Structures are given as structure tokens and as C-alpha cells.
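The values are calculated or read from the model by the stated rules, or taken from the named source; none is laboratory data. Predicted model only: the values in this text are computed from it and were never measured. Using ideal geometry, Cβ is built from the backbone for each residue, glycine included, and neighbour counts are taken over all protein chains shown.
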Amino acid sequence: MKSAVYTKAGQVGLATIERPQIIEADDAIIRIVRTCVCGSDLWSYRNPDIESGHQNSGHEAIGIVEEIGEAITTVKPGDFVIVPFTHGCGECDACRAGYDGTCDRHIGTNWSNGVQAEYIRFHFANWALVKIPGQPSDYTEGMLKSLLTLADVMPTGYHAARVANVQKGDKVVVIGDGAVGQCAVIVAKMRGASQIILMSRHEDRRKMALESGATAVVAERGEEGIAKVREILGGGADAALECVGTEAAVDQALGVLHNGGRLGFVGVPHYNNRALGSTFAQNISVAGGSASVTTYDKKFLLKAVLDGDINPGRVFTSSYKLEDIDQAYKDMDDRKTIKSMIVMD
Ligand SMILES: [Zn+2]
Ligand SMILES: [Zn+2]
């Protein structure tokens with residue numbers, strides 16, 4: 001079967017590898033129907049030290065269950081499923097508290113990779129996979145796109161708002177105008193925020209966010225951006241949702257909050273030793289981590305998508321075949337597209 005592999009910094013190719021097999025009793029083999037490129041994949045893509053032939057870090061898909069291990073009771077071959085990037089067990093303390101993105105049992109093995117391929121082995125599948133009614137042919141392309149966001153970006157946007165405890169009437173600032181930031185805007189609206197400001201300087205992204213419920217977009221960055229947000233809100237924000245993963249984004253988030261505000265961060269950190277003590281003088285609550293994909297999908301997000309209440313699939317502004325995976329990465333890296341979807345044959 002074909003699988004994407006990194007060949008050198010700034011280049012992805014295809015390799016022919018063995019089709020994965022069931023190894024453990026709670027494995028499932030999934031035939032991928034749609035997958036995509038994540039903002040976090042670009043860190044591997046750009047890495048100058050990447051070894052040629054390194055497995056892709058893709059981790060978001062929808063697909064068909066092909067085969068199951070003997071311990072699997074929740075899905076059967078032929079089922080259409082969301083393939084989350086996380087692998088919660090559904091039973092440990094963390095999962096029961098709604099933090100399956102950091103399952104207590106699957107530490108270190110809780111994230112998928114290698115999903116930009118024709119088939120994958122999905123471990124710890126019994127609780128983590130989310131069954132979608134019917135078959136892919138029952139859905140429009142637009143609906144398939146929205147279902148695909150439920151593997152990562154939509155639940156990740158949801159997580160930022162959940163850990164920042166966004167409530168009705170809140171003033172919310174979203175830092176990051178990529179797919180997760182766009183989803184965070186959708187969630188802030190779902191949760192009844194009264195004002196939603198997106199930090200963005202790209203016309204297409206500003207437009208999308210305004211259509212999703214953002215009440216203002218701020219192009220300025222740093223101190224200037226913070227001042228602009230405070231001017232629009234007439235003070236600080238109740239919640240800041242950090243969807244980038246850089247120190248500049250965290251500084252931006254902390255800067256827009258009023259004292260006692262809440263920071264939810266879901267950008268995978270690419271900084272070291274940011275001292276927690278720096279928030280002491282502001283009484284800011286800080287929470288964040290890997291999203292609870294399965295919990296949110298099963299509880300609210302799959303229904304919200306199927307009912308047409310939300311349309312997060314709009315973040316996929318271009319589609320490619322697996323053969324064109326290099327272009328799919330390149331266009332995202334060049335910011336020509338918000339998120340690249342891969343359509344499998
Ligand atoms: Zn992702
Ligand atoms: Zn668990």
C-alpha cells in the first residue's frame with residue numbers, strides 16, 4: 001500500500017509499505033477515506049534534520065473499518081468511523097473526567113501518526129473510534145469535510161474553549177487563524193460568547209471567521225495588537241484561546257486578558273520553560289493540552305455537524321489526491337490554503 005513519507009526538509013513523497021496487520025486484541029485496521037495535513041505536521045515537514053523515509057505524522061482521518069481484533073465490541077468491519085488523533089480508553093480517571101486526549105493508560109502512545117496512507121492500524125480502538133451513521137456515499141463532500149474535522153481540529157478548538165471555561169456573555173479572543181483557530185471561533189459562538197475577536201492578517205481567514213461569528217478581527221500583533229483588542233473590548237478579555245503553540249502567541253493571549261481571566265491553550269508548544277509564575281501577578285487561570293476528541297464527538301460535536309448546526313469543514317480550502325501530497329503540504333506551508341484535505345481513491 002502507499003503511505004506518505006518525509007524525504008527531506010520541505011518535501012514529502014510516497015513509499016510502498018506493507019499493509020498493516022492486527023497485532024493486539026484491541027486493534028482495528030482502517031481503510032482511509034479522507035485524511036488531511038495538520039498545522040502540526042508542518043513542524044516535521046520543515047525539520048532540516050528529518051531522515052529520508054521518515055513516516056508521516058498525519059493523524060486525522062475518516063475511514064472504513066476493515067478488520068478488528070478479538071477484543072473489539074463497538075465497531076465491526078464495514079462501519080464508517082471518525083479516526084481521532086487520540087486513543088482514550090474511556091475507563092481511567094482521566095477519560096472519565098473528559099480528558100481522553102491524555103488518557104492515564106495510554107501515556108506516550110496516545111497520538112496517532114502515519115495516517116496519510118491507504119490503511120492504518122488504529123490501536124486502543126474499542127472506545128476511541130467514533131461510529132458515523134451510514135456510509136461515505138450517504139454524505140455530500142461538504143459534510144465529509146466537516147466529519148473529517150472531528151478527528152482533530154474541531155474538538156481541539158472545542159477543548160481550548162472548554163478548558164478556558166468560555167460561558168455565555170464572555171468576551172473571547174482567539175489567537176491563531178488556522179483551522180484550529182477557526183474552529184475555536186465556531187465554539188466560542190456555540191457557547192454564547194458576546195464578543196469574539198480573531199487575531200489575523202489574512203483576508204480569506206478574516207472573512208471565514210466573521211462568517212462563523214467573530215465580531216472583530218485584529219491584524220496588529222504584539223503590544224499593538226493587545227492595545228487594539230483592549231480598545232475594541234473596552235478592557236481585557238474574559239478568555240483567550242491560544243491555538244498556535246509559540247511563545248509570541250502565549251504572550252499575546254496573556255496580554256489581552258483582564259486580571260482573573262482564563263487562558264486555554266491547545267497549540268502544541270514549541271517553546272521551552274515558559275514559567276508558570278509569570279501569570280501570578282494577574283491571577284490568570286491557565287489550562288490546556290491535547291483535546292478530548294472522542295468525548296466531544298460522542299457528546300456534542302458529531303450531532304452538531306450532522307444536524308447542520310456547525311459547518312467546520314469550510315477550513316478545507318483545497319483537496320488533493322494522495323499522489324499530490326507534496327503539493328498539499330507546500331500550499332499549507334505557503335499559506336495558500338487554510339487546510340489541505342487528501343481524497344483517497
Ligand atoms: Zn492535527
Ligand atoms: Zn483512559
(request) May I ask you to list the residues in segment 220-248 that are at pLDDT 95 or above, out of contact with any helix residue (DSSP H, G or I) (no Cβ under 8 Å at 6 or more places or on another chain) and within 24 Å of Val153 (Cα to Cα)? (result) Asp238
(message) Name the single residue that is surrounded by the most Cβ atoms within 10 Å (Cβ to Cβ) among those in segment 86-109 being over 26 Å from Gln21 (Cβ atoms) and among the aliphatic types (A, V, I, L, M).
(response) Ala94
(request) Return only the number of the condition from (1) within 10 Å of ligand 2 (Cβ to nearest atom); (2) closer than 15 Å to Ser290 by Cα; (3) buried (at least 20 other Cβ atoms within 10 Å of the Cβ); (4) not charged (D, E, K, R) that Ser112 does not satisfy. (result) (1)
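Show me the strands (runs of 3 or more DSSP E) entirely contained within segment 19-84 in which 2 or more residues are among the acidic types (Asp, Glu) and more than 16 Å from ligand 2 (Cβ to nearest atom).
Working: elements: 28-36, 61-68, 80-83.
Qualifying strands (runs of 3 or more DSSP E): 61-68.
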(request) Kindly state which strands (runs of 3 or more DSSP E) lie completely within segment 225-335 and contain at least 2 residues that are more than 30 Å from Glu118 (Cα to Cα) and in contact with a Phe, Trp or Tyr (Cβ under 9 Å, 6 or more places away or on another chain). (result) 237-242, 285-288
(request) For segment 93-112, state whether one or more residues are closer than 28 Å to Tyr329 by Cβ, assigned to a loop (DSSP other than H, G, I, E, B) and touching a residue at least 24 places away in the same chain (Cβ under 8 Å). (result) yes
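For the condition surrounded by fewer than 23 Cβ atoms within 10 Å (Cβ to Cβ) and within 27 Å of Arg96 (Cα to Cα), what is the one hit in Ala281, Ala304, Ala291, Ala248? Can you show your working first?
Details: Ala281 fails: within 27 Å of Arg96 (Cα to Cα); Ala291 fails: surrounded by fewer than 23 Cβ atoms within 10 Å (Cβ to Cβ); Ala248 fails: within 27 Å of Arg96 (Cα to Cα).
Sole residue among the options that is surrounded by fewer than 23 Cβ atoms within 10 Å (Cβ to Cβ) and within 27 Å of Arg96 (Cα to Cα): Ala304.
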